[in-house]
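J.: Structure incoming, see below.
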Amino acid sequence: MLCTLKKLHTTNLNYNRCLILYSAARQAAAKPVTLEKESIKNVKSRPVQRQGLCETVPSSAALGSTGPPGSPGSEEADLLTTPPRPAAVWQEAHLDLRSLPQQYMKLSKVRLSALVVMTSMAGYAMAPAAFDPMTFALTSVGTGLLSCSANAVNQYHEVPFDAQMARTRNRLLVCGNITPLHALGFAAVCGTAGASLLYYGVNGLTMSLGLTNLVLYTLIYTPLKRVSILNTWVGSVVGALPPLMGWAGCTGGSLEAGAWVLAGVLYAWQFPHFNALSWNLRPEYSRAGYRMMSVTNPELCRRTALRYTLAITALSCSAPLVDLTNTWFALQSLPLNLYFSHLAWRFYKDSDSASSRKLFRFSLIHLPLLMLLMLANKHNWSNSNTESETTPIETKPQPLRELDIVVTRKIVDNVL
């Protein structure tokens with residue numbers, strides 16, 4: 001008995017899975033027995049359930065019964081024997097073509113992909129080059145396809161962990177609405193199409209940045225989430241690359257200083273946004289085994305959010321220095337950034353759900369407003385307007401005026 005209990009203590013089975021298997025096995029092994037045998041079964045065999053355990057510990061009488069078949073001891077032993085595990089039942093998966101577009105949108109995390117495309121558009125619009133509608137469209141579509149591919153691979157890797165979180169347990173792969181092979185096929189098609197559009201329709205640098213982002217998100221950031229809190233910094237790099245892709249797509253393959261300031265703003269914005277989001281999801285992240293700052297080091301989580309809101313303010317003030325925007329942008333964005341920092345300060349001091357929720361919700365408003373202010377105060381647009389206002393009216397070319405003077409002199413000499 002003690003030996004059996006010792007083995008039970010060393011078992012690391014999942015509690016929920018064991019409970020389901022145990023009840024299924026009990027139902028599969030149900031037999032029509034007499035009331036006397038049922039009473040013996042209830043008395044002699046009682047399930048001992050501990051956290052992470054789901055096994056039945058038989059009594060000492062049952063363990064010691066070695067009588068011949070048909071004897072009372074053998075009947076009790078037969079009743080206390082663990083029933084065989086039921087065989088897995090495979091069910092055919094039916095694919096509904098009408099719901100396939102909606103499923104693909106869920107698999108690609110369409111809202112997150114839309115945010116990625118929006119930041120790449122901002123990078124294209126802020127670049128100091130002529131606007132080409134064809135290149136702009138190809139850059140946006142290629143970036144979106146690569147984002148869809150990365151999100152599909154991310155969901156493929158995190159199926160066992162998404163099943164343990166209330167926020168993600170209804171995803172397609174967790175529920176079995178589509179097969180893993182189908183998801184990987186969708187990711188491969190989107191990734192190949194996106195990289196081809198960027199390489200043949202835009203330029204090689206934009207394609208290289210896009211593939212780098214795909215590798216960072218799927219092969220480094222996703223597995224790092226269960227290893228170290230450095231995953232947040234890697235994820236911020238992933239969020240900072242799309243504006244560089246848009247900038248490189250517009251300029252033809254060059255990245256000036258303004259591109260890095262724009263990418264720095266997107267990099268710093270990720271920390272208050274995600275840290276505020278993960279604060280209220282700490283129990284779920286902990287249960288799924290994710291190594292997030294909000295779980296392992298809550299104070300560092302709040303301090304990092306505050307630190308990077310201040311960094312956004314500093315980067316916004318430096319935008320006119322690198323000819324990204326005019327001076328008005330630094331003044332107009334200051335109240336927006338200071339209020340963002342104020343919410344981060346309240347989150348740092350209060351460390352409660354209300355302050356984190358306010359910071360997260362305002363972060364969703366802060367980024368679009370900041371991008372619109374940048375676009376309205378773009379440096380090259382102000383320069384072009386000034387040049388058009390100060391350009392003098394063109395006169396006749398100089399050779400024509402000299403010819404008129406020569407003809408006039410000849411006419412005067414003939415008259416004289």
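J.: Of all residues being hydroxyl-bearing (Ser, Thr, Tyr) and either open to solvent by less than 30 Å² (accessible area, probe 1.4 Å) or not in a helix (DSSP H, G or I) (or both) in segment 149-184, which is nearest to VAL215 (Cα to Cα)? Just the residue, please.
T.: It comes out as SER149.
J.: Same structure again: Hey, could you check segment 283-312 for residues that are among the β-branched types (Val, Ile, Thr) and surrounded by 19 or more Cβ atoms within 10 Å (Cβ to Cβ) and say which is nearest to ALA122 (Cα to Cα)?
T.: The residue in question is ILE312.
J.: Is at least one residue of segment 185-199 within 15 Å of GLY123 (Cβ to Cβ), open to solvent by 30 Å² or more (accessible area, probe 1.4 Å) and assigned to a helix (DSSP H, G or I)?
T.: no
J.: Only one residue in GLY123, GLY144, GLY185, GLY176 is out of contact with any Cys (no Cβ under 8 Å at 6 or more places or on another chain), within 28 Å of LEU367 (Cα to Cα) and among the small types (Gly, Ala, Ser). Which one?
T.: Only one candidate qualifies: GLY144.
J.: Let me ask you something else. Yes or no: segment 85-101 includes at least one residue that is of a type outside the set (A, V, I, L, M), at pLDDT 65 or above and within 30 Å of PRO243 (Cβ to Cβ).
T.: The answer is yes, given that some residue of segment 85-101 is of a type outside the set (A, V, I, L, M), at pLDDT 65 or above and within 30 Å of PRO243 (Cβ to Cβ).
So that you can scan it fast, the table gives a plain yes or no per residue for (1) open to solvent by less than 40 Å² (accessible area, probe 1.4 Å); (2) under 22 Å from GLN270 (Cα atoms); (3) part of a helix (DSSP H, G or I):
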position: ALA114; (1), (2), (3): no, yes, yes
position: SER120; (1), (2), (3): yes, yes, yes
position: ALA130; (1), (2), (3): no, no, no
position: THR139; (1), (2), (3): yes, no, yes
position: THR143; (1), (2), (3): yes, yes, yes
position: SER147; (1), (2), (3): yes, yes, yes
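J.: Just to be sure I understand the filter: pairs with C-beta atoms under 6 Å, separated by 6 or more residues or on different chains, first member in segment 151-172 and at pLDDT below 90, second member of a type in the set (D, E, K, R) and open to solvent by less than 30 Å² (accessible area, probe 1.4 Å). Which pairs pass?
T.: Correct list of pairs: THR168/ASP162; ARG171/ASP162.
J.: Under 8 Å by Cβ, and 6 or more places apart or on different chains, what pairs join a residue from segment 217-228 that is closer than 17 Å to SER286 by Cα with one that is in a helix (DSSP H, G or I) and at pLDDT 90 or above?
T.: Every condition considered, the pairs that remain are THR222/VAL153; THR222/ASN154; THR222/HIS157; PRO223/HIS157; LEU224/ASN231; LEU224/VAL234; LYS225/ASN231.
The values are calculated or read from the model by the stated rules, or taken from the named source; none is laboratory data. As the structure is a prediction and not an experimental result, all values here were calculated from the model. Glycine also receives a Cβ, built like all others from the backbone with ideal geometry; neighbour counts cover every protein chain displayed. These accessible areas exclude ligands, DNA and RNA; they are computed on the full protein's heavy atoms, side chains included. Shrake-Rupley method; radii C 1.70, N 1.55, O 1.52, S 1.80 Å.
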